[in-house]
1. Any residue at all in the stretch 83-93 that's open to solvent by 100 Å² or more (accessible area, probe 1.4 Å), in a helix (DSSP H, G or I) and of a type in the set (S, T, N, Q)?
2. Would you confirm whether any residue within the stretch 133-143 is touching a residue at least 24 places away in the same chain (Cβ under 8 Å), closer than 20 Å to Gly57 by Cα and open to solvent by less than 60 Å² (accessible area, probe 1.4 Å)?
3. Select from the stretch 94-127 the residues that are among the hydroxyl-bearing types (Ser, Thr, Tyr) and open to solvent by 60 Å² or more (accessible area, probe 1.4 Å) and list them in ascending order.
4. Given the criteria of a type in the set (A, V, I, L, M, F, W, C), part of a helix (DSSP H, G or I) and modelled with pLDDT under 95, does Val135 qualify?
5. Can we say Glu102 is modelled with pLDDT of 95 or more and either part of a helix (DSSP H, G or I) or not aromatic (Phe, Trp, Tyr) (or both)?
Amino acid sequence: MAEEARLLLAAAAFALLGAAGSAIAQSSSEQPPKPDAQAPKPGAQTSKPTARAPKKGPAWAELTAEHQQILAPLKDDWVNIEPDRRRNWINLAKRCPKMKPEQQQRMQRRMQSWAQLTPEQRKQARENYRRLSKVPPEKRGDLKQQWSEYQALPPQERQSGAAKKKPAPAK
C-alpha cells in the first residue's frame with residue numbers, strides 16, 4: 001500500500017506541475033558555474049574578488065504589469081522564491097500570452113494550486129516530478145490511469161487507504 005500511495009502522490013505531482021513544473025524542476029538542478037572568459041593567471045593579483053555575489057533576481061515591483069498580473073498567485077511568496085526559480089516563473093509569464101486561452105487558464109489554476117502548497121509540499125512535488133521524469137513514457141500512462149482511478153474514488157476510501165492495487169493478471 002505504501003508503494004501505491006507513493007506512486008499516486010508522484011502521479012499527483014506530475015499532474016500538478018505540468019507545464020510550470022518543467023520550468024521549476026529544471027531550475028532546481030545544479031548548474032556548474034560558467035568559466036570566466038579571462039581567467040587570471042596563477043600568481044597574478046586581481047582587483048575583482050573571485051567569488052561572485054549571488055543575484056537576487058527581480059523584485060516584485062520590478063516586474064512588468066503584465067507579468068505581475070500573470071504571476072499574481074505567487075505575489076505573497078515572491079520574496080521567498082529563489083532567484084533561479086523567479087527567472088523561470090518570469091519566462092513562463094513571457095510565454096503565457098502566446099498560449100491558447102484554455103492553456104492560460106490551466107496554467108493559472110496550477111499556479112494557484114502551487115502557491116497554496118507549503119515549502120515542504122513543494123519540495124516533495126519537485127522530487128516526485130524528478131522521479132517521474134525518469135519513468136519511461138509508456139509507464140507514465142499507467143500512472144496517469146491509476147491517478148485517474150484514485151481521483152474517482154469517494155473521499156472516504158482515499159483517506160482510509162482502502163484503494164487497493166488491482167491484482168496483476170495471471171500469466
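1. Looking through the stretch 83-93, none of the residues is open to solvent by 100 Å² or more (accessible area, probe 1.4 Å), in a helix (DSSP H, G or I) and of a type in the set (S, T, N, Q).
2. There is no residue in the stretch 133-143 that is touching a residue at least 24 places away in the same chain (Cβ under 8 Å), closer than 20 Å to Gly57 by Cα and open to solvent by less than 60 Å² (accessible area, probe 1.4 Å).
3. Thr118
4. Numbers: of a type in the set (A, V, I, L, M, F, W, C): yes; part of a helix (DSSP H, G or I): no; modelled with pLDDT under 95: yes.
For Val135, the condition - of a type in the set (A, V, I, L, M, F, W, C), part of a helix (DSSP H, G or I) and modelled with pLDDT under 95 - is not met.
5. yes
A quick yes/no check of all residues on (1) part of a helix (DSSP H, G or I); (2) at pLDDT 85 or above:
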{"site": "Pro97", "(1), (2)": "yes, yes"}
{"site": "Gln108", "(1), (2)": "yes, yes"}
{"site": "Trp114", "(1), (2)": "yes, yes"}
{"site": "Arg130", "(1), (2)": "yes, yes"}
{"site": "Arg158", "(1), (2)": "yes, no"}
{"site": "Lys164", "(1), (2)": "no, no"}
{"site": "Ala170", "(1), (2)": "no, no"}
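The values are calculated or read from the model by the stated rules, or taken from the named source; none is laboratory data. Owing to the predicted nature of the structure, the values given are computational and were not obtained by experimental measurement. Neighbour counts are summed over all protein chains in view; Cβ atoms, including those assigned to glycine, are modelled from backbone coordinates with ideal geometry. Calculation scope for accessible area: heavy atoms of the full protein, side chains included, ligands and nucleic acids excluded. Shrake-Rupley method; radii C 1.70, N 1.55, O 1.52, S 1.80 Å.
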